[in-house]
Amino acid sequence: MVSLRDRIDVHIYFPLCDFNSFKTLASNYLGVKKHKLFPQVEEIIQSGRTMSPAEISELMLVNRSSPSRALKTVILALELSARKVVSGSATTSPTAEDCEAAAAAWKESLPKELRKLYSMLRSKSVKKSASFEPDHEIVDR
């Protein structure tokens, strides 16, 4: 803890996700205790690739309707992750290319209907903000 005048900085350690915490996340977010893709995830994590529990849980939440799709998305993200654990500490952060590839993979994992709904909502919100005209009665008051 660093103490400066009128300020205290606290450094909090957030460990990266290991396989046991991954299984806990899968159980909590997907309702899955065992899955055929678990060995593949375990192998990737043991090879040193890892992500934060928040990143993994976000991927699981997006795909919570399909546990298999959620796990495949996590596997892909772990494989694309440039973050490798070297003697207990994470090295390097994902590059822009890795982020673009992960974003493309995430977009492909979204169901077509959900993408249509999102684009429809976006276009409606743009139209509403462009066609907004204040009510003269309210403005004059």
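The values are calculated or read from the model by the stated rules, or taken from the named source; none is laboratory data. Remember, predicted model here, so these are calculated numbers, not experimental data. With ideal geometry, Cβ positions are generated from the backbone for all residues, glycine too; neighbour counts draw on all protein chains shown.
Quick notes on this one:
- Residue match in the stretch 70-78 (condition: of a type in the set (S, T, N, Q) and at pLDDT below 65): no
- Residues located in the stretch 58-82, provided they are crowded, with 18+ Cβ neighbours inside 10 Å, over 16 Å from T24 (Cα atoms) and of a type in the set (V, I, T): T73
- Residues in the stretch 44-67 that are assigned to a loop (DSSP other than H, G, I, E, B) and not aliphatic (A, V, I, L, M) were compared, and the one that is nearest to P15 (Cα to Cα) is S52.
- When V41, V32 are checked against the criterion of being part of a loop (DSSP other than H, G, I, E, B), surrounded by 15 or more Cβ atoms within 10 Å (Cβ to Cβ) and at pLDDT 90 or above, V32 stands alone in meeting it.
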